[in-house]
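Notes follow the structure.
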Amino acid sequence: MKKQITMEKIANLAKRRGFLFGGSDIYGGLQGTYDYGHYGALLKQRVKDAWLRSNVQEMDNVVALDASILMHPKVWEASGHTANFSDALVDDKISKKRYRADHLIEEQLGMKVEGLSNEDLTKIFQENEIKTPEGQKADWTEVRSFNLMFKTHAGPVDTSGPDAGPDADAAAIYLRPETAQGIFVDYKEVQATTRKKLPFGIAQIGKAFRNEITPGKFIFRMREFEQMEIEFFCKPAESKKWHEWWQKERMRWYTDVLGIDKKKLKLRPHTKDELSHYSAGTSDIDYEFPFGFSELEGIANRTDYDLAQHQKVSGKDLTYFDQSDGPKGKSYLPHVIEPSCGVDRIVFALLCDAYVEEPDEKGDVRTVLKLKPSIAPISAAVLPLMNKPELAKLSEKVRDDLAKDLMIDYDVTGSIGKRYRRQDEIGTPFCCTVDFDSLEDKAVTVRERDSQKQERVKIADLADYLSERLT
Ligand code: GAP
């Protein structure tokens, strides 16, 4: 039985079991930020490890990078973010609240508005009775653009306020709104030091920041989030082929590696109006969240847009010398395919996908996170049947031995039934109970999360038994 999954159920479970907390909660919270608790941080790490394993460890032609969050302001000028990275916003003069103009129009008029100017959007607001999301009558301002980059300043020169000196603007820098630009800026050095030939990719995981006008939908739209991006450099004539290859590969990753239900995933090509300024073609991988299908990942054909821009603005030669092109070789700018996803959205999708409510033997509801065992934050729990010193010594030894290779939870509090429930809710695939017989037969009872079947396993064989099943 899989009941209707709601945002409320997922958010409640995430809070109750310590996956996620609202950021700065004791001060009333900071909108658009979340903190990952123990199980959330471990789950997030599993996602990142799985991505790095599939895309770097198992791919001979993709290498890793960890670039700075703070970059030279010229980077954002070259990439187009200073001029173009903005959302259209509109203010309600009555409530003094600010909204994404496109979201209000799309939600209330069912119209797609990509590519429309601020003047066109303003006209739509004037000609239609658009209400606030709470259903209240509004008095709208004109629609205007709002740059989403967080601005700060480097060194002891403030860019605003009484300390702003003549150098204030020169000191202004931005928190990166995507990790991608670090890859473009470093691409030549990475290529030279790893001796890669086209096609090759550079993969990076890291924080990105966007001053979203309306953060929300739990961890779907945040102001501080984490991205996993690959820039895959290839010969211009091969870009279409590689774009298609990456779309298939990334869909495979979600189903085969993360275990996400295929029926909940959709590959959605962008319409021409929807394309970003740098893209010759983009397909999104959408997941069916409780609020409908929405983007997990974008796979874009960025052509040579970014390298050409950085070459122009920096004045540095960013061409690649292709020895295999003609008898003397040839220099050119590679084209780039970019699979780009958000770690937090994947964690959210995993929580939704794995969440199951089923009746137990007593007619109560058992909530289980049926995560793929290799992705579950905790691989196995060690549970002494009772909180007695005779059992503690052996149980702690079992825990310490397993913890050399596996993430283990050790839990002695409450009845064994309650402890199973707690482990079910965090998705632990195996619970190993140490009882009084264990002292004699040197074995434990292993309970499997989904079937709830129990099996007696020798302690000496336990690590192998679990490892074989943690796939
Ligand atoms: N370099 C391309 C790029 O950044 P994007 O579609 O703007 O493309 C890529 O972002 C991914 O980053 C998205 O598919 C999404 O998973 C994640 N993402 C973007 N904005 C986000 C936000 N405000 N909160 C959480 N995740 C976000």
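Read-outs throughout are calculated quantities, based only on the coordinates presented, and are distinct from any laboratory measurement. Since the model is a prediction, treat every value here as computed from it, not as a measurement. Cβ placement follows ideal geometry from the backbone for every residue including glycine, while neighbour counts extend to all protein chains displayed.
Over all Cα atoms in the range 293-358, the spread is summed up by Rg and Dmax: 19.9, 68 Å. Cβ under 10 Å from Gln108's Cβ, Gln108 left aside: what net charge do those residues give with Lys, Arg +1 and Asp, Glu -1? Charge balance near Gln108 sits at -2.
Please sort 90-99, 322-331, 336-345, 215-224 by packing, taking for each peptide the average over its residues of neighbouring beta carbons within 10 angstrom, highest first.
In descending order of packing, they fall as 336-345, 215-224, 90-99, 322-331.
Per-residue ellipticity at 222 nm from helix content only, as computed over the chain with -39500 (n - 2.57) for each DSSP H run of at least four residues, stands at -9000 deg cm²/dmol. Projecting the Cα atoms of Ile285, Thr319, Gln57 onto the charge dipole of the chain (Cβ charges, centred on the Cα centre) puts Gln57 farthest toward the positive pole.
Using only the Cα atoms of the range 378-469, build the gyration tensor, take square roots of its eigenvalues as a ≥ b ≥ c, and label the shape rounded, prolate or oblate: rounded if a/c is under 1.5, else prolate if a/b is larger than b/c, else oblate. Mind dumping the intermediate values first?
Values: a/c = 1.38, a/b = 1.10, b/c = 1.26.
Rounded, since a/c falls under 1.5.
Counting only DSSP beta bridges whose two residues both lie in the range 378-469, roughly 55 percent are antiparallel. Here is the P(r) of the chain: all C-alpha pair distances, binned every 20 Å from 0, give 20, 48, 27, 5, 0 in whole percents. Could you tell me the center-to-center distance, by alpha carbons, between the range 69-140 and the range 388-460 in angstrom? That distance is 53 Å. The relative contact order of the chain comes to 14 percent, based on Cα pairs under 8 Å that sit 6 or more residues apart. By the combined test of axial Cα extent (at least 15 Å) and Kyte-Doolittle hydropathy (mean at least 0.0), the qualifying DSSP H helices of the chain come to 343-354.
The orientation-averaged projection of the convex hull spanning the C-alpha atoms of the range 1-116 amounts to 13.9 square nanometres.
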